[in-house]
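Right, one structure below, let's go through it.
Read-outs throughout are calculated quantities, based only on the coordinates presented, and are distinct from any laboratory measurement. These numbers were taken from a predicted model, which means no experiment stands behind them. Cβ coordinates were reconstructed from backbone atoms using ideal geometry, including for glycine residues, and neighbour counts include every protein chain displayed.
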Amino acid sequence: MKVLVSEVGPRDGLQSISTIMPTEAKKRWITALADAGVQEIEVGSFVPATLLPQLGDTAELVAHARRIPGLTVAVLVPNMKGAEAAVAAGAHKLTIPVSCSETHSLRNVRRSHAQMLDKLAAYPS
C-alpha cells in the first residue's frame, strides 16, 4: 500500500488566524517540511487578499516551492479566477473545495453544491 501525505498547514493552518506570518518564515516552513520528506504541500490559496490577507503571498510561495526538487506544489482555488492565477503561478496541483454540507458550501464559497459542481465542470482538464 502506498500512502501520500499532503501537508496543508501553510494554507489551512494560517487562513483562520489574524496574525500574518512573514513570507520568509513561510518559505522556511515549506522548505523544512520538504527537507523532512513531505512530498506534497498545499502552500496557499488563490483568494482575494482582502478576504484572507494571510494568503496574499501565495504566488511567491508557489515560486519558492517550485524550486524544491521532487516537491508537488498544491494550492486551494475556490473559483475559476483562482484557478487561472494558480496555473499562471505554476502550481502543480489545484485543490477545489467541495463541502459535505450545503450550509458550509454557501458560507465557504458562496455557492450551493449544484453551483459548485457546475463550476467544476467548467474547469479545463
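The residue list VAL38, ILE17, VAL62 was ranked by how far each Cα lies along the charge dipole of the chain toward its positive end, using unit charges on Cβ atoms, and VAL62 comes out on top. What net charge do the residues around ALA34 carry, taking every other residue with its C-beta under 12 Å from that of ALA34, with Lys and Arg at +1 and Asp and Glu at -1? Local net charge: +1. Taking Cα atoms, how many degrees apart are the long axis of helix 113-122 and the longest axis of the chain, rounded to 10 and kept between 0 and 90? Taking the Cα atoms of the chain, the angle to 113-122 is about 60 degrees. What is the sum of charges, Lys and Arg at +1 and Asp and Glu at -1, for the other residues whose Cβ falls under 15 Å from the Cβ of ALA74? In short, 0. Computed about its Cα centre, the charge dipole of region 6-97 is approximately 120 debye, with only Lys, Arg, Asp and Glu carrying charge at their Cβ. Think of it as helices only: each DSSP H run of n ≥ 4 in the chain is worth -39500 (n - 2.57), and spread over all residues that comes to -11500 deg cm²/dmol at 222 nm.
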